[in-house]
Amino acid sequence: MSDQTFYSGLQQKLDTLRSDGLFKPERVLASRQGAEVVAQDGRTLINMCANNYLGLAGDPETQQAAAAALEKYGYGLSSVRFICGTQTVHKELEAALSTFLGTEDTILYAAAFDANGGVFEPLFDENDAIISDALNHASIIDGVRLCKAARYRYANNDMADLEKQLIAATEAGKRHKIIVTDGVFSMDGTIAQLDKIVALAEQYGALTMIDECHASGFMGATGRGTHEHCGVIGKIDIITGTLGKALGGAMGGFTSGKKEVIETLRQKSRPYLFSNTLAPMIAGASLAVLERISKSTELRDRLMENTAYFRAEIERIGFTIKPGTHPVVPVMLFDAPVAQKFAARMFELGVLLSGFFYPVVPMGQARVRVQLSAAHTREQLDIVLKAFEQAGRELGIIKQQ
Ligand SMILES: *Cc1c(COP(=O)(O)O)cnc(C)c1O
């Protein structure tokens, strides 16, 4: 406590974040997560900014499955997996995820951040090349940094640039090459072109890895993910994903792929070896979620219906959106102060959503991001659309009619 300049330096940086409008306040909810949430002041808001795609986070069935696992397996393990932290429920969940994803084996982590953070270093070294999409998630970027492999970056979703990087890595004589991409990019709702990526990987003898955090559980006809959506099930080498979004919403992550890969990660992946095991109630609830969505596509179908409805209606009202089909719907406002004012006005009108502006998105690309959920009713979506219309007129974003 003797170095006061350390603390005053931090305070200055925090003040700068505030004055630059980049400080991130935390919204405090007084209720469970859902289509509607209660704010701390007691107001009920329609929630349009959760990753709760299938509406399972606050769902009673998920809760009951967690309670049953809590009852059977207790609260936690106080151990890493390899000492005494593996229960039958963890093995069952790993097997269920492998079946769901169409892979050989799966390893659980405390978070997808850990899965991505611990996947590269055990598998690749300075003889290898990691070819990564420029907009990949922070956890992939950090994971790549922890690994000695050469790094190649290609422009977001740009297949010509990807091919250039594949050629560069091949010419550099790299032993193994792996193409790494988010299955879906969460700022834009862009879906990676996995069919083309797999074709390029085959042409250049590269491996492929996808991060399915914004896809597992709902992308593709039966919700297996972006690889199903793009028709390449069984052709992706490594799949990482989260249990903290569509697949229940608590926390936890996984890496899935061939047996040799998963076995190597169990032996060598540092966030797995040196961090506590996933709580059994989360494993139990995730298992129930997988069983539920494997039996019926009802939730994923409703999510996609809600998404199609919202995308069509918001454009009809006169807003500009990034075109696409994903439940992430970026409503473009372009100007950062307008996006901030818009989100604040929507909050007053009872709708929770988040504004994004530079440097989170490129300059001049400010937006509010809407995320649809299977839990939203048509009535709720109509209320949200009315609020968009009202706030849009007030702020001069859409024309008076
Ligand atoms: C949310 C997210 C993560 C991190 O997931 P956690 O399980 O919350 O750590 C990783 N990658 C992508 C693409 C994500 O969207």
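The values are calculated or read from the model by the stated rules, or taken from the named source; none is laboratory data. These figures come from a predicted structure and were not determined experimentally. Backbone-built Cβ (ideal geometry, glycine too); neighbour counts: all protein chains shown.
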For L56, which of the numbered conditions (1) surrounded by 11 or more Cβ atoms within 10 Å (Cβ to Cβ); (2) touching a strand residue (DSSP E or B) at 6+ places or on another chain (Cβ under 8 Å) fails to hold?
(2)
Could you check Q63 against (1) under 23 Å from V368 (Cα atoms); (2) surrounded by 12 or more Cβ atoms within 10 Å (Cβ to Cβ) and say which number it fails?
(1)
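Conditions tested, residue by residue: (1) closer than 22 Å to T325 by Cα; (2) without any contact (Cβ under 8 Å) to a residue 12 or more places away in the chain.
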| position | (1), (2) |
| --- | --- |
| V338 | no, no |
| F342 | no, no |
| G350 | no, no |
| M363 | no, yes |
| R367 | yes, no |
| F388 | yes, no |
| E394 | no, no |
Tell me which of these G74 doesn't satisfy, since it passes every other one: (1) within 22 Å of the chain's Cα centre (by Cα); (2) modelled with pLDDT of 95 or more.
(1)
Go over the candidates I262, I238, I233 one by one and state the one that is surrounded by fewer than 24 Cβ atoms within 10 Å (Cβ to Cβ), within 16 Å of the ligand (Cβ to nearest atom) and modelled with pLDDT of 95 or more.
I238
Would you tally the residues in the stretch 201-218 being of a type outside the set (F, W, Y) and more than 21 Å from L108 (Cβ to Cβ)?
7
Of S132, S139, the only residue that is assigned to a helix (DSSP H, G or I) and either more than 12 Å from the ligand (Cβ to nearest atom) or of a type in the set (S, T, Y) (or both) is S139
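This table checks each residue for (1) of a type in the set (S, T, N, Q); (2) more than 21 Å from the chain's Cα centre (by Cα); (3) at positive phi; (4) part of a helix (DSSP H, G or I).
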| position | (1), (2), (3), (4) |
| --- | --- |
| T240 | yes, no, no, no |
| G244 | no, no, no, no |
| E260 | no, yes, no, yes |
| R266 | no, yes, no, yes |
| N276 | yes, yes, no, no |
| I282 | no, no, no, yes |
| L287 | no, no, no, yes |
| L290 | no, no, no, yes |
| D301 | no, no, no, yes |
Quick test for you: out of R27, R18, R32, pick the one residue that is surrounded by 10 or more Cβ atoms within 10 Å (Cβ to Cβ), charged (D, E, K, R) and over 25 Å from G248 (Cα atoms).
R18
Assuming P323 fulfils every condition listed in (1) in a loop (DSSP other than H, G, I, E, B); (2) more than 16 Å from the ligand (Cβ to nearest atom); (3) in contact with a strand residue (DSSP E or B) (Cβ under 7 Å, 6 or more places away or on another chain) apart from one, which condition is it?
(3)
Out of the stretch 216-235, which residues are part of a loop (DSSP other than H, G, I, E, B) and free of Cβ contacts under 8 Å to residues at least 60 places away in the same chain?
G220, C230, G231, V232, K235
Sort out which residues of the stretch 1-38 are modelled with pLDDT of 95 or more and either closer than 29 Å to K386 by Cα or in contact with a strand residue (DSSP E or B) (Cβ under 9 Å, 6 or more places away or on another chain) (or both), and write them in order of number.
L29, A30, S31, R32, Q33, G34, A35, E36, V37, V38
Identity of the residue in the stretch 185-196, touching a helix residue (DSSP H, G or I) at 6+ places or on another chain (Cβ under 7 Å) and buried (at least 20 other Cβ atoms within 10 Å of the Cβ), that ends up farthest from A138 (Cα to Cα):
L194
Cβ-Cβ below 6 Å, separation at least six or inter-chain, first residue in the stretch 47-66 and farther than 24 Å from V184 by Cα, second crowded, with 23+ Cβ neighbours inside 10 Å: which pairs?
T62/L56; T62/G248; T62/A285; A65/G284; A65/A285; A66/M281; A66/A285
Could you tell me whether the stretch 366-387 includes any residue that is out of contact with any Lys or Arg (no Cβ under 8 Å at 6 or more places or on another chain), more than 25 Å from R32 (Cβ to Cβ) and assigned to a helix (DSSP H, G or I)?
yes
